[in-house]
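What follows is a set of notes on a single structure, which appears directly below.
The values are calculated or read from the model by the stated rules, or taken from the named source; none is laboratory data. Because the structure is predicted, anything quoted here is derived from the model rather than measured. Positions of Cβ are backbone-derived with ideal geometry, glycine not excepted, and every protein chain shown enters the neighbour counts.
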Amino acid sequence: MVIQRIQTLYLLIAAILMGVFAFFPVGLVMITLIILVAFLAIVDIFLYKNLQRQMTVCFVDVIIGLAMLVSIAVQACKISLDGEATVSWNWWYLLLPVLSVIFLMMAHKAMSNDKKKLRDADRLR
């Protein structure tokens, strides 16, 4: 069992950012991905008793978040028939999911630091 520290805050901030982003006008598939990322971040907070499972869920959450960012970028930059790219969204639409994925990555890094500390403590016993 690992005492949660900063990664709990990172996961909570990521879930809140995705919850706020869900209120922006996006498609049904995008809403599903947004809710999935937010849900996995909240579930990940309560998996503190099994650090390996928590890290796996967080990694999957990061991958889904990155896939969502790619999907948003593809929707935002629609290529017209004459080859000119038109941006249909403002840049700050992308700010919330980007920050959310960054916080998820920071949480995963904090979990790996905890795992390293546990491994080092077990080695010293």
Problem - Condition met for Ile35 (closer than 21 Å to Tyr93 by Cβ and in contact with a Leu (Cβ under 9 Å, 6 or more places away or on another chain)) - result: no
Fill in the blank from the handout: Reported set for the range 3-55 where residues are surrounded by fewer than 18 Cβ atoms within 10 Å (Cβ to Cβ) and touching a Cys at 6+ places or on another chain (Cβ under 8 Å) is none
Practice task
Being farther than 20 Å from Thr56 by Cβ, modelled with pLDDT of 80 or more and of a type in the set (Gly, Ala, Ser) narrows it down to one of Ser71, Ser112, Ser100, Ser80, so name that one.
Solution key: Ser71
Handout entry: Cβ-Cβ under 8 Å pairs, at least 6 apart or on other chains, the range 63-92 side within 16 Å of Leu104 (Cα to Cα), far side modelled with pLDDT under 80
Key = Leu69/Leu94
Completion exercise
Filtering the range 23-35 down to residues that are among the small types (Gly, Ala, Ser) and in contact with a Pro (Cβ under 8 Å, 6 or more places away or on another chain) yields none
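Conditions (1) in contact with a Pro (Cβ under 9 Å, 6 or more places away or on another chain); (2) at pLDDT 85 or above; (3) within 14 Å of Val101 (Cα to Cα), marked per residue:
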{"position": "Leu11", "(1), (2), (3)": "no, yes, yes"}
{"position": "Ala14", "(1), (2), (3)": "no, yes, yes"}
{"position": "Met18", "(1), (2), (3)": "yes, yes, yes"}
{"position": "Phe21", "(1), (2), (3)": "yes, yes, yes"}
{"position": "Leu40", "(1), (2), (3)": "no, yes, yes"}
{"position": "Cys58", "(1), (2), (3)": "no, yes, yes"}
{"position": "Leu66", "(1), (2), (3)": "no, yes, yes"}
{"position": "Ala85", "(1), (2), (3)": "no, no, no"}
Completion exercise
Counting only residues in the range 58-77 that are part of a helix (DSSP H, G or I) and more than 23 Å from Ile42 (Cα to Cα), the one nearest to the chain's Cα centre (by Cα) is identified as Ala73
